[in-house]
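Notes follow once the structure below has been shown.
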Amino acid sequence: MTDSSPTHPVTLDVWCELQCPDCRDALDDIRALRTAYGDRLDLRLRHFPLEKHRHAFAAAQAAEEAVEQGRGWDYIEAVLARVGELDGKGEALLVEVAAELGLDAEEFDTALVDGRHILIVDADQAEGKAIGVTGTPTYVIGGERLDGGKSQEGLRERISAIADRLLADDGPA
């Protein structure tokens, strides 16, 4: 890795859902990648709510509201940290987490009722299905899909190797 910033950051799409314990476990890898690459890695959460998790779709919409309020990743990490509570508390937990982070919780509640973020979530899910995402977390970097739903072992290293290659390709001639 070089110290200079590339002309274009490398994009890492993270197909995730906020009721998934595996996505919670993947946070350590995501944090490590964010630390290692900084602004050279454009880390994008992509929604892939699974039908087996009944609050995942609402959580994805709430995450979009957090992005709109400027605290997307803080919110995502806070909800994933409490993934075990989502079944029991449902949407109330999503609003509670927003309030704990100092976000406009009333606006979260309204967003969950009016569905203003549904199209973003639906589009992400449709794109994920189209490229073969079947579980979460799944990563896409440099056109390569890496499935972390079965095992996350070695994925951070594989992502780093691809990112390093892409960043080297984008470096000075």
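Scanning segment 137-146 for residues that are surrounded by 13 or more Cβ atoms within 10 Å (Cβ to Cβ) and either modelled with pLDDT under 90 or within 15 Å of Asp42 (Cα to Cα) (or both) turns up Tyr139, Val140, Ile141, Gly142. Of the helices (runs of 4 or more DSSP H) lying entirely inside segment 1-106, those carrying at least 1 residues that are more than 15 Å from the chain's Cα centre (by Cα) and free of Cβ contacts under 8 Å to residues at least 12 places away in the same chain are 21-37, 86-89, 91-100.
With out of contact with any helix residue (DSSP H, G or I) (no Cβ under 7 Å at 6 or more places or on another chain), at pLDDT 95 or above and not aromatic (Phe, Trp, Tyr) as the only criterion, which of Glu107, Glu127, Glu157, Glu153 stands out? Lay out the reasoning, then the answer.
On the way: Glu107 fails: out of contact with any helix residue (DSSP H, G or I) (no Cβ under 7 Å at 6 or more places or on another chain); Glu157 fails: at pLDDT 95 or above; Glu153 fails: at pLDDT 95 or above.
Of Glu107, Glu127, Glu157, Glu153, the one residue that is out of contact with any helix residue (DSSP H, G or I) (no Cβ under 7 Å at 6 or more places or on another chain), at pLDDT 95 or above and not aromatic (Phe, Trp, Tyr) is Glu127.
Beta carbons closer than 8 Å, at least 6 apart along the sequence or on distinct chains, pair a first residue in segment 139-151 that is without any contact (Cβ under 8 Å) to a residue 24 or more places away in the chain with a second that is polar (S, T, N, Q) and surrounded by fewer than 17 Cβ atoms within 10 Å (Cβ to Cβ) for Asp147/Thr134. Take the conditions (1) open to solvent by 70 Å² or more (accessible area, probe 1.4 Å); (2) in contact (Cβ under 8 Å) with a residue 24 or more places away in the chain; (3) β-branched (Val, Ile, Thr); Thr134 misses just one of them, which is (2).
So, of the residues in segment 147-160 that are under 21 Å from Val10 (Cβ atoms) and assigned to a loop (DSSP other than H, G, I, E, B), which turns out to be least open to solvent (accessible area, probe 1.4 Å)? Per the stated criteria, the residue is Gly148.
When you look at Asp122, is it open to solvent by 10 Å² or more (accessible area, probe 1.4 Å) and over 18 Å from Cys16 (Cα atoms), yes or no? No.
The values are calculated or read from the model by the stated rules, or taken from the named source; none is laboratory data. Keep in mind that what you see is a predicted model, and the values were worked out from it rather than measured. Every residue, glycine as well, gets a Cβ built from its backbone with ideal geometry; the counts of neighbours run over all protein chains shown. What goes into the accessible areas is simple: the full protein's heavy atoms, side chains included, and nothing from ligands, DNA or RNA. Shrake-Rupley method; radii C 1.70, N 1.55, O 1.52, S 1.80 Å.
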